[in-house]
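What follows is a short report on a single structure.
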Amino acid sequence: MSKGLEDFIKVNREEFDDLEPSADLWGRIEKHLPPQYTEQQKRETKTFSLGFVLRVAAAVVIVMGVSFALYLHNSRKNNVDLAAINPEYAKQQVHYTSLIESKRTELKSIEKSDPQLYKEFNSEITKMDSTYKQLNSELPNSPNQEQVLLAMIHNLEIQTQVLNRQLQVIEQFNQIKKEQKNESKDI
């Protein structure tokens, strides 16, 4: 660009900037457009009617309601009142479940110090827990629910015994480590 033109633009910039297109400019341009362009634009700007929106909303509510009802029906079907089968067994089940939870928390304390041992111990408990869950899923449809409940409690007893033994092994292992440290300090 020539130097003179640049200077002219700089000096007269305000005069260039104050020009605005008129408000009806687009309307005049639209009149000269072929009809196919204006029809396409009208189709694109079409909005949904209130009736359509309400029908879609009603369909969504119905689908959600039916889904929720099926969920509630299935959850009631799979949940069995253990106390109704045998109140004593139900108490034992709650007792062993809480014992197992506390012992698993204790076992988790070695995860950082000895991850391999924790992984091995945890895999044994996980296998027994999957058996317990399988028995629990069979309970609602079992003809002899008391027998299945007894098997579940037996599984929980074994899990508790295994966890106790695992914690004893960890305690013995830690005791041996302490004794070795004390012996190395004495030397």
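Annotations
- Total residues in region 1-19, condition modelled with pLDDT under 75 and not in a helix (DSSP H, G or I): 3
- Condition broken by T38, with the remaining ones in (1) under 30 Å from N144 (Cβ atoms); (2) surrounded by 10 or more Cβ atoms within 10 Å (Cβ to Cβ); (3) at pLDDT below 80; (4) hydroxyl-bearing (S, T, Y) satisfied: (1)
- For region 128-144, filtered to residues that are touching a residue at least 24 places away in the same chain (Cβ under 8 Å) and surrounded by 13 or more Cβ atoms within 10 Å (Cβ to Cβ), the residue that is farthest from S109 (Cα to Cα) is P140.
- Per the listing Q159, Q147, Q168, the residue uniquely surrounded by 16 or more Cβ atoms within 10 Å (Cβ to Cβ) and not small (G, A, S) is Q159.
- Number of residues in region 123-146 that are modelled with pLDDT under 85 and either among the aliphatic types (A, V, I, L, M) or touching an Asp or Glu at 6+ places or on another chain (Cβ under 9 Å) (or both): the value is 1.
- Considering (1) under 18 Å from D81 (Cα atoms); (2) crowded, with 16+ Cβ neighbours inside 10 Å; (3) among the hydrophobic types (A, V, I, L, M, F, W, C), the lone condition that V94 does not fulfil carries the number (2).
- Output for region 106-153, where each listed residue is within 29 Å of F173 (Cα to Cα), assigned to a helix (DSSP H, G or I) and of a type in the set (K, R): K108, K119, K127
- Any hit, region 165-180, residues being in contact with a helix residue (DSSP H, G or I) (Cβ under 9 Å, 6 or more places away or on another chain) and among the polar types (S, T, N, Q): yes
- Some residue of region 71-82 being surrounded by 11 or more Cβ atoms within 10 Å (Cβ to Cβ), of a type in the set (D, E, K, R) and within 33 Å of the chain's Cα centre (by Cα): no
- Given (1) at pLDDT below 75; (2) in contact with a Phe, Trp or Tyr (Cβ under 8 Å, 6 or more places away or on another chain), index of the condition K108 fails: (1)
- Contact annotation: no residue pair with Cβ atoms under 7 Å, 6 or more positions apart or on different chains, pairs a residue in region 1-30 that is hydrophobic (A, V, I, L, M, F, W, C) with a partner that is surrounded by 10 or more Cβ atoms within 10 Å (Cβ to Cβ) and modelled with pLDDT of 80 or more.
The values are calculated or read from the model by the stated rules, or taken from the named source; none is laboratory data. Just so it is clear, the structure is predicted and the values come from calculations on it, not from any experiment. FYI the Cβ positions are ideal-geometry reconstructions off the backbone, even for glycines, and counts take in every protein chain you see.
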